[in-house]
Amino acid sequence: MRHKVYTREHILKAAYEVIAKDGFTNFTARNVAKKMGISTQPIYLEFENMQDLKNNLIEMVYKELEKKVFSVEHTGDKLVDMAINYIDFSQNNPRLFMALFVDEHGGGKLMYEFCFNYFRETIQQYPEYANFSDDYLKALHKGVWIAITGVAALMSSGIVEPTRQQIVGVINQTIESILRTETFENVKSQ
């Protein structure tokens, strides 16, 4: 009798389905195995522990976001486009957005690091940002991240329903405000 082989990819796909539906609150080996109709043994044969599975899952999801979501162009301004794409993702995938970017048990810090690295690599390709120090880029990213996560969360909960033009306005005002702050100017000159 042949035994069915479960690869890392099968397990990651099932784990993705678990977090897309329920977030990381119910992210257990038992729930992932149940999704696949198997015991937990194949999970622990492929991953050291659940944290290893979680880290691999977050990395896989991030790579998909990088290819299919964050790279979409809307305005011609890459910084604004990245922010719009983040907000659009939150609207198209509210549970997954909360699990990955907001949930305390989720991927928040790791996703933030992945997104910052993508932001830094992408933004430094443009002449107006090419000479920014890493501290300057971190300050810009953090300020924009705070603003767009607020917009995304408020939109996901149905509290606000801004138009695309209003969203672009908020993003541009946030960027301009950050670039004008004295603290930011001090970081820039270091």
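Quick look at the numbers
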{"item": "Those residues of the range 107-164 which are of a type in the set (Ser, Thr, Tyr), part of a helix (DSSP H, G or I), closer than 17 Å to Ile175 by Cβ and open to solvent by 40 Å² or more (accessible area, probe 1.4 Å), in sequence order", "result": "none"}
{"item": "Residue satisfying all of: in the range 171-182; surrounded by 17 or more Cβ atoms within 10 Å (Cβ to Cβ) and not hydroxyl-bearing (Ser, Thr, Tyr); modelled with the highest pLDDT among these", "result": "Ile171"}
{"item": "Residue count, the range 94-120 (criterion: modelled with pLDDT of 90 or more and out of contact with any Lys or Arg (no Cβ under 9 Å at 6 or more places or on another chain))", "result": "3"}
{"item": "Qualifying positions in the range 16-63 - of a type in the set (Lys, Arg) and over 17 Å from Asn93 (Cα atoms)", "result": "Arg30, Lys34, Lys35, Lys54"}
{"item": "Lone unmet requirement of (1) out of contact with any Ser or Thr (no Cβ under 9 Å at 6 or more places or on another chain); (2) at pLDDT below 95 for Ile11", "result": "(2)"}
{"item": "Selection count, the range 140-170, where residues are farther than 20 Å from Asn93 by Cβ and either among the polar types (S, T, N, Q) or at pLDDT below 90 (or both)", "result": "3"}
{"item": "Of residues in the range 54-95 being in contact with a helix residue (DSSP H, G or I) (Cβ under 6 Å, 6 or more places away or on another chain) and under 12 Å from Ala15 (Cβ atoms), the one surrounded by the fewest Cβ atoms within 10 Å (Cβ to Cβ)", "result": "Met60"}
{"item": "Total residues in the range 19-53, condition open to solvent by 50 Å² or more (accessible area, probe 1.4 Å) and touching a His at 6+ places or on another chain (Cβ under 8 Å)", "result": "1"}
{"item": "Near pairs, Cβ below 7 angstrom, 6+ apart or cross-chain, from the range 101-128 (at negative phi and of a type in the set (Lys, Arg)) to any residue that is assigned to a helix (DSSP H, G or I) and modelled with pLDDT of 85 or more", "result": "Arg120/Leu137"}
{"item": "Some residue of the range 26-41 being free of Cβ contacts under 8 Å to residues at least 12 places away in the same chain, closer than 17 Å to Leu110 by Cα and over 15 Å from the mean Cα position of the chain (by Cα)", "result": "no"}
{"item": "Qualifying position, being in a helix (DSSP H, G or I), under 19 Å from Gly169 (Cα atoms) and out of contact with any Asp or Glu (no Cβ under 9 Å at 6 or more places or on another chain), among Leu65, Leu79", "result": "Leu79"}
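The values are calculated or read from the model by the stated rules, or taken from the named source; none is laboratory data. Just so you know, these numbers come straight off a predicted model, no measurement behind them. Note that each Cβ is placed from the backbone with ideal geometry, even for glycine, and that neighbours are counted across all protein chains shown. Surface accessibility is based on the protein's heavy atoms, side chains included, excluding ligands, DNA and RNA. Shrake-Rupley method; radii C 1.70, N 1.55, O 1.52, S 1.80 Å.
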